[in-house]
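For reference, the structure is listed below as structure tokens.
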Amino acid sequence: MEAASLSGVISYTKLFGSSPYSRISRLIPGGRYVASVSRHSSEPEGFNDADKTSSQALVVSSSVSNTQNVSILKGPNLSFRPMQKGNWNLQANCAVGVCNFGKNVVEESRYTHATEEKLGVLLLNLGGPETLNDVQPFLYNLFADPDIIRLPRLFKFLQRPLAKLISVVRAPKSKEGYAAIGGGSPLRKITDEQADALRMALEAKKIHANVYVGMRYWYPFTEEAIEQIKRDRITKLVVLPLYPQFSISTTGSSIRVLQCIFREDQYLSRLPVSVILSWYQRQGYIRSMADLIEKELERFAKPEEVMIFFSAHGVPLSYVEDAGDPYKDQMEECIYLIMQELKARGIRNDHTLAYQSRVGPVQWLKPYTDEVLVELGQKGVKSLLAVPISFVSEHIETLEEIDMEYKHLALESGIENWGRVPALGCTSSFIADLADAVVEALPSAKALSTSKDAAEESEYDPLRYLIKMFFGSILAFILLLTPKVFHAFRNHLF
């Protein structure tokens, strides 16, 4: 796996509103490249407009400490630095650069020293239904996101009808899962606790900040958090997604929402913002994960014989192969770093990685968690420690899918001793590292001047839109009401 010295991985060009994510990945077939950039502001309609050229400047802060490398990127010709395996530089300062696209450039903040600075930190997360009645509308919001179900451009008009159908079909099974963990997701409560802990950690560093929580698919929505930020007259903002690794479907989707909101608002378009895109390689995070693993290993009678089983949330294979999503590379790199840290402590257990939570008939990242558990049992593995590697909070994927479904499958398959590492939650070392990441990101915050491109303003064609909606409604009606199609579709979802 290649090593990363910066968090701003730029192998997903839709973030910049240019070409599909695959454009940059085609340029770097041998590996991933990073650029030291920082992002603030917004794009028109986010990443989905694959053929548009962005006129926005971007500031994306690094989340690694103590590096001196700064790349200045301008126009379509980006400067990339290849990452080589074994080049683990985790001692470097937050390095940032300015990435300019089109004619606009980053504009320095117009706030004067006489203006009282009010710092805000926005934590982004997925969200989850808090009651069983919330499950179906939550699922609708999830599947209506074009970064979750990526339809071809010609069929974008089917996004909402398809989301409605999927949410209705999947709701009964999903309700069973949420009922098994108490009737709702604990994600909001835990994220609020993390926000409070982060605020106090910043206070300990003599930094006074308001910390906000914005969820992508349930309350409090990102839009609500942004409105509160405006009411509080925040003068500098750090955006921190609670996803260690970047994916189109997680951090990418949330940033797309921010782009749309910022572009349409005069106050927000001039607000200095720094976005931390990923932070999986930070020493504080790596050490916090290693601490939890080491502690759980000690619970086994023979710790040295335990297989460390990393289970990450999966994404469709097409995201990685066709859209250039760096998630798989970052995940493998993250596990490499954790195992290196464990080896430095004298822990040399075998380990493996698998991906969970796949949905639908398409191929997802492999190997699949359920299949690997069966294989390990067949190979004679008797002790296993599950590590939910892409989750920093407990929710249905850890409490129900891992703790219930996968534990039962593992014991059935011949594994006799089962353990599970808890999510990081409010672990003090983890929260302290997030606070450090925020502090390091502050210098990169810049204000942005935004404007619409002529191509963007002329793209909307009312006649074309009506034609699409007309035929889309007919197709959706057939799909919803034809029993054979409905049942065939339902069978693919489970």
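The values are calculated or read from the model by the stated rules, or taken from the named source; none is laboratory data. Just so it is clear, the structure is predicted and the values come from calculations on it, not from any experiment. Counting neighbours? That spans all protein chains shown, and the Cβs are built from the backbone with ideal geometry, glycine included. For accessibility, only protein heavy atoms count, side chains too; no ligands or nucleic acids. Shrake-Rupley method; radii C 1.70, N 1.55, O 1.52, S 1.80 Å.
Assorted remarks:
- Ratio of Rg to Rh over segment 137-214 (Cα coordinates, Kirkwood Rh, two decimals): 1.19
- ³J(HN,Hα) computed for each position of segment 333-346 - Karplus, 6.51 cos²θ - 1.76 cosθ + 1.60, integer Hz, glycine/proline x: 5, 4, 5, 4, 5, 5, 5, 5, 5, 5, 4, 5, 9, x
- Note on segment 228-302: Kirkwood radius taken over Cα pairs, Stokes-Einstein applied at 4 °C and 1.567 mPa s, translational D equal to 86 µm² s⁻¹.
- Sequence of Cys334, Cys260 when ordered by accessible area, the most exposed leading, probe 1.4 angstrom: Cys260, Cys334
- Listed values for segment 176-189 are Karplus-derived 3J(HN,Hα) couplings in whole Hz (6.51 cos²θ - 1.76 cosθ + 1.60, θ = phi - 60°), namely 4, x, 5, 4, 5, 10, x, x, x, 7, x, 4, 5, 4, and x replaces Gly and Pro.
- Sorted largest first, extent of segment 267-362 alpha carbons per principal axis (Å): 57, 40, 18
- Less than 5 angstrom separates the built amide H of Arg420 from those of Ala386, all sequence-distant by 5 or more or on a different chain.
- Kirkwood Rh, Cα atoms: Rg over Rh of segment 309-365: 1.08
- Of the GluC sites (Glu not before Pro) found in segment 371-420, the ones in coil according to DSSP and having at most 16 other Cβ atoms within 10 Å of their Cβ are Glu416.
- When you filter the trypsin sites (Lys or Arg not before Pro) in segment 281-342 for DSSP loop state and at most 12 other Cβ atoms inside 10 Å of their Cβ, you are left with Arg299.
- For Leu277, residues with placed amide H under 5 Å, excluding near neighbours: Ser61
- Normalised alpha carbon radius of gyration of segment 338-393 [divisor 2.2 N^0.38 Å]: 1.34
- For segment 177-284, diffusion coefficient by Stokes-Einstein and Kirkwood Rh (Cα), 37 °C, 0.692 mPa s, µm²/s: 214
- Local electrostatic count at Lys118 - Lys and Arg +1, Asp and Glu -1, tallied over other residues with Cβ under 12 Å: +1
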